[in-house]
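Shown next, in structure tokens, is the structure this report addresses.
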Amino acid sequence: MANSLQPGSSDPATKASGEIATRELGSLSSGSASAAVADSVAAQLSDMTPSFGNILSSIGLGVARSQAALDEGVIETVKKLSSTMITVVTEVVEQLDDDGLPDVAATRLVTNDLSVLNFVTPTVHQWQHVSLSMDMSVGAMDEQTGLSFSVGTSSSGNNSNSLAGLIGLGNMSTSSSYLAMQLNTEREAQWSNGVVQLDAVLAPRRTGKFPVPAQVTIGPQIFISQGAVVETKTGALLTERSIDLVISLRKASGAVNPDKNLVLDAGGLLPSFSSTLPYLGSKTNAEGQCLVTLRRPITPGFAQPGKRAVTVSLGDMSKRFEFVI
């Protein structure tokens, strides 16, 4: 007798092969979904990369254009200041008389027409520090769920009986049932965002300064010549060292400058001007000269020679002279 499937029953072999097919189909669907998500993210990254590159390029070009505008502004300012001229005193020529005192009537002011740029220096700015940072995020999610289920059952019967071949009785029945279920779910989400941060510092650029005008003084000149150092001893003990200085005074023209009183700062030494002819003490003689002797008393234990300095003055002018005694 042949096997037949009754309603509600199932063949084990058929069931097992169905489950295997379902698992294989599910595995294939999951792999396809993962590959699709990866492809989607890669595509978005590829699409967004040029936009961030454009941002970087725009900011860099913006900084360059801004620096060029700053430099151009400074150039225009310098041109304007350079073309604006003012009269200024560049030198003061002070004339001293034969006594070394300023001769106001003979003092000359040297003026020149100079541009304001010599006195007003525009501040030059530069982008000292510019940094750019970017952060980019791309994501996607894809989910699919499917469920399908259906059951169908049908049966039919036909029975007939006869009694003594004369009377016939018949019974016929039919039944059927059907159950179906279907569920499909799809979900897809994609997102992308980015952040750009810019940090910039605008600071003054280091520039130089214009030189200060020089001042020239024209007047008498003082010259000092040194004689030999003389040591004085008491027995074997050194008690004093002395030195003679000849001071010569000349006019601005180079001629001798007689009958002028000189002022001497001896710097702690003991000075004495010679009044022996041809010298006239602290007043210059006919040759414009004075002779002064400087003495240094020696304290026992401090006889080592040392450097000293004296200053000779005439009016507003002076001359410093150093020597060893």
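The values are calculated or read from the model by the stated rules, or taken from the named source; none is laboratory data. As the structure is a prediction and not an experimental result, all values here were calculated from the model. Glycine gets a Cβ as well: all are built from the backbone with ideal geometry, and neighbour counts include every protein chain shown.
Summary table
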{"quantity": "Hey, R320 surrounded by fewer than 14 Cβ atoms within 10 Å (Cβ to Cβ) and part of a strand (DSSP E or B) or not", "calculated": "yes"}
{"quantity": "Subset of the range 304-317 (residues that are of a type outside the set (G, A, S), in contact with an Asp or Glu (Cβ under 9 Å, 6 or more places away or on another chain) and assigned to a loop (DSSP other than H, G, I, E, B))", "calculated": "D316"}
{"quantity": "In the range 201-227, residue modelled with the lowest pLDDT [restricted to those that are surrounded by 11 or more Cβ atoms within 10 Å (Cβ to Cβ) and touching a His at 6+ places or on another chain (Cβ under 7 Å)]", "calculated": "R205"}
{"quantity": "Criterion: modelled with pLDDT of 85 or more, surrounded by fewer than 13 Cβ atoms within 10 Å (Cβ to Cβ) and among the polar types (S, T, N, Q) - qualifying residue of T87, T77", "calculated": "T87"}
{"quantity": "Close pairs from the range 296-321: first farther than 18 Å from S225 by Cα, partner polar (S, T, N, Q) and not in a loop (DSSP other than H, G, I, E, B), Cβ under 6 Å, at least 6 apart", "calculated": "I298/T239"}
{"quantity": "Enumeration of residues in the range 81-112 that are under 24 Å from R250 (Cα atoms) and among the hydroxyl-bearing types (S, T, Y)", "calculated": "T107"}
{"quantity": "Of all residues in the range 108-126 being among the β-branched types (V, I, T) and outside any strand (DSSP E or B), the one that is nearest to R205 (Cα to Cα)", "calculated": "V124"}
{"quantity": "Subset of the range 226-267 [free of Cβ contacts under 8 Å to residues at least 60 places away in the same chain, within 60 Å of the chain's Cα centre (by Cα) and within 30 Å of G301 (Cα to Cα)]", "calculated": "L264, D265, A266, G267"}
{"quantity": "Members of the range 268-282 that are closer than 29 Å to G306 by Cα, surrounded by 14 or more Cβ atoms within 10 Å (Cβ to Cβ) and not polar (S, T, N, Q)", "calculated": "L269, P271, F273, Y279, G281"}
{"quantity": "Any hit, the range 41-61, residues being modelled with pLDDT of 85 or more and not charged (D, E, K, R)", "calculated": "yes"}
{"quantity": "Count - residues of the range 269-303 that are part of a strand (DSSP E or B) and hydroxyl-bearing (S, T, Y)", "calculated": "2"}
{"quantity": "The lone exception for V230 - which of (1) at pLDDT below 90; (2) assigned to a strand (DSSP E or B); (3) not aromatic (F, W, Y) it fails", "calculated": "(1)"}
{"quantity": "Matching residues, the range 252-299, being modelled with pLDDT under 90 and closer than 27 Å to T107 by Cα", "calculated": "A252, S253, G254"}
{"quantity": "Output for the range 76-105, where each listed residue is of a type in the set (A, V, I, L, M, F, W, C) and farther than 23 Å from G288 by Cα", "calculated": "V78, L81, M85, I86, V88, V89, V92, V93, V104, A105"}
{"quantity": "Condition check for P278: touching a strand residue (DSSP E or B) at 6+ places or on another chain (Cβ under 7 Å) and under 22 Å from A228 (Cβ atoms)", "calculated": "no"}
{"quantity": "Residues of the range 294-315 satisfying the condition of being charged (D, E, K, R), within 53 Å of the chain's Cα centre (by Cα) and surrounded by 13 or more Cβ atoms within 10 Å (Cβ to Cβ)", "calculated": "R308"}
